[in-house]
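The values are calculated or read from the model by the stated rules, or taken from the named source; none is laboratory data. Keep in mind the model is a prediction, meaning the values are calculated, not measured. Here the Cβ positions follow ideal geometry from the backbone for every residue, glycine too, while neighbour counts run over all protein chains shown. Calculation scope for accessible area: heavy atoms of the full protein, side chains included, ligands and nucleic acids excluded. Shrake-Rupley method; radii C 1.70, N 1.55, O 1.52, S 1.80 Å.
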Amino acid sequence: MTDLPRAELPGSGSPNPESLILASGSPRRAQLLSAAGYEFSVQPASDSAECGICSRETAPEMVGRLAYRKAADVVARIDDGLVLAADTVASCVGNILGKPHNRDHAEEMLRLLSGRNHDVFTGVCIWSRREEKFVADVVRTRLQMSELTEEQLTEHLDSLRWEGKAGAFGFQDGNDWLKVIGSDSESNVVGLPMERLAELLENFEQNAEKITTPTIDSIESSDSSCS
């Protein structure tokens with residue numbers, strides 16, 4: 001992963017005594033946390049916690065919902081810990097772009113994004129199992145993609161760097177045809193808005209909402225709400 005500026009990786013300083021658990025198998029999110037000095041373990045949410053796109057949802061609504069579901073999924077399986085979950089998608093001209101299913105899907109996404117400004121949204125949810133409280137937020141980063149040449153497109157697709165990445169690209173891969181607009185968060189594009197994460201952890205006690213820890217059955221039954 002290309003190193004991000006230190007300003008993008010504020011150091012850890014959570015006053016919560018619970019051990020931090022990353023509810024994600026994403027190596028990029030783990031790298032961001034490690035680079036910022038956080039101590040954490042990894043316990044990915046189950047596949048059933050990510051039920052996909054609901055037709056009535058906007059991109060911010062979707063990542064907020066999925067981050068919450070991922071956190072709830074892990075919380076239901078532990079006795080103690082501070083669970084951190086996240087979900088990231090790109091959005092362009094009304095289209096929500098998650099992870100591509102295959103090369104053709106990745107090419108379709110990149111042709112849509114080519115030459116256009118677009119957004120990347122990451123939903124973040126932090127859930128205390130001990131206190132039965134959670135806090136959640138969604139962070140937006142605006143991006144500008146240059147118009148891709150056929151050579152650039154083919155090279156990127158051949159490289160397989162699109163695999164497992166929302167919108168079929170990774171900002172951390174150093175593509176010179178992609179840049180963040182203004183001072184928006186770079187780490188948000190990678191999968192975790194480190195600036196906002198530090199604020200959420202620091203102010204968790206003041207802002208967290210009380211909630212009953214869900215059961216696994218209640219999480220799975222909520223899948224029917226997606227259509």
Starting from the range 60-86, take each residue that is under 12 Å from residue 124 (Cβ atoms) and list its partners that are in a loop (DSSP other than H, G, I, E, B) and among the charged types (D, E, K, R), counting only C-beta distances under 7 angstrom and pairs at least six apart or across chains.
66/50; 70/50; 83/129
Name every residue in the range 144-193 that is part of a loop (DSSP other than H, G, I, E, B), among the aliphatic types (A, V, I, L, M) and either open to solvent by 40 Å² or more (accessible area, probe 1.4 Å) or over 19 Å from residue 31 (Cβ atoms) (or both), in order of residue number.
148, 160, 181
Within the range 39-61, can you find the residues that are more than 21 Å from residue 138 (Cβ to Cβ), at pLDDT below 95 and open to solvent by less than 60 Å² (accessible area, probe 1.4 Å)?
46, 48
For the range 9-27, how many residues meet the condition of being at pLDDT 90 or above, within 17 Å of residue 124 (Cα to Cα) and open to solvent by 50 Å² or more (accessible area, probe 1.4 Å)?
2
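Confirm whether residue 209 is acidic (Asp, Glu), within 22 Å of the chain's Cα centre (by Cα), at pLDDT below 95 and exposed (fewer than 14 other Cβ atoms within 10 Å of the Cβ).
Numbers: acidic (Asp, Glu): yes; within 22 Å of the chain's Cα centre (by Cα): yes; at pLDDT below 95: yes; exposed (fewer than 14 other Cβ atoms within 10 Å of the Cβ): yes.
Considered against the rule, which asks whether it is acidic (Asp, Glu), within 22 Å of the chain's Cα centre (by Cα), at pLDDT below 95 and exposed (fewer than 14 other Cβ atoms within 10 Å of the Cβ), residue 209 comes out as yes.
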From the list 106, 85, 71, which residue is of a type outside the set (Phe, Trp, Tyr), assigned to a strand (DSSP E or B) and buried (at least 23 other Cβ atoms within 10 Å of the Cβ)?
85
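Of the residues that sit in the range 182-197 and are among the aliphatic types (A, V, I, L, M) and modelled with pLDDT of 95 or more, which one is nearest to residue 82 (Cα to Cα)? First the steps, then the outcome.
Initially, the range 182-197 is screened for residues among the aliphatic types (A, V, I, L, M), giving 189-190, 192, 194, 197.
Filter again for modelled with pLDDT of 95 or more, leaving 192, 194, 197.
Working: 192: 16, 194: 16, 197: 13 Å.
Filtering the range 182-197 for residues that are among the aliphatic types (A, V, I, L, M) and modelled with pLDDT of 95 or more, the one nearest to residue 82 (Cα to Cα) comes out as 197.
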Subset of the range 117-132, residues open to solvent by 50 Å² or more (accessible area, probe 1.4 Å) and assigned to a strand (DSSP E or B), comes to 117
